1. Between residue 93 and residue 184, what FRET efficiency follows from the Cβ-Cβ distance if R0 is 25 Å, with the result rounded to 0.05?
2. Could you tell me the relative contact order of the chain? Use alpha-carbon pairs under 8 Å, at least six residues apart, and round to a whole percent.
3. Among rounded, prolate and oblate, which fits the range 17-96 when a ≥ b ≥ c are the square roots of the eigenvalues of its C-alpha gyration tensor, a/c under 1.5 means rounded, and a/b larger than b/c means prolate?
4. Between the range 1-17 and the range 113-151, what's the alpha-carbon centroid distance in Å?
5. Expected output is a single nm value to one decimal: the length gained when fully extending between residue 85 and residue 172, i.e. 0.36 nm times separation in residues minus the C-alpha distance. What is it?
6. Just report the Cα centroid separation between the range 194-224 and the range 28-72, whole Å.
7. Once you order the gyration tensor axes a ≥ b ≥ c over the Cα atoms, which shape class does the range 1-56 get: rounded for a/c under 1.5, otherwise prolate or oblate by comparing a/b with b/c?
8. Using a Gaussian network model on the chain with a 10 Å cutoff between Cα atoms, which of 36, 106, 69 fluctuates the most?
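Readers should treat all values here as calculations from the given coordinates under stated rules, not as data from a laboratory. Predicted, not measured: the structure shown is a model, and the values here were computed from it. Here Cβ is always computed from backbone atoms with ideal geometry, including for glycine, and neighbour counts include all displayed protein chains.
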């Protein structure tokens, strides 16, 4: 059996970002007495996704996202009198203590880490991601976490992956795979840097312009694929 190097995305690949995000926003509404909690959470999700897409394209900085998303949201909902910075910090604090994970992630990581080298690669926020990995118990399966804020580079840039490859000390990329749920971040990043790509397509997204080397719909398929690749 070949020992593979698996670069694994965090949010919505192993960590349940969508439900964690909703929990954090609902909690925020309760902490600051914000009404229309469900509507507020739905709209935050849309704004936040758009701003992180812009971040991947290099159009905004991570720091600009932190507070501008709430500034835009408060304006839409007519909310006044709240400190945007304080609210933004509290949201990230709520996220940091979320331990939600994707079904099947723990069992997969436990088994895969016995035979392969696992590294987490994420565009998240350093403290938030480290705390979520700790509280979820998933951090123990990774040899190292590579967090965009910490290394000042982000997926899908070639520089992010070159940094990871150099830091691990890889000279041969034949047995290196990036596994993630985002075509524009994980898969495009792998393509940019010459790494084989595995699209974790649990939501059955349509594949158009960005073509992964492999596609799986869940952890059972992923486990079988890794087993075959390592033969």
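1. Working: r = 28 Å, r/R0 = 1.12.
Efficiency computed from Cβ-Cβ geometry: 0.35.
2. On the way: 332 pairs, mean separation 54.3, N = 231.
Here the relative contact order equals 23 percent.
3. prolate
4. 9
5. Numbers: separation 87, 0.36 × 87 = 31.32 nm, distance 4.47 nm.
Result for the pair: 26.9 nm of gain on full extension.
6. Using only Cα atoms, the two centres lie 27 Å from each other.
7. Values: a/c = 4.41, a/b = 2.29, b/c = 1.93.
In terms of gyration-tensor shape, prolate.
8. Of 36, 106, 69, the most mobile in the Gaussian network model is 36.
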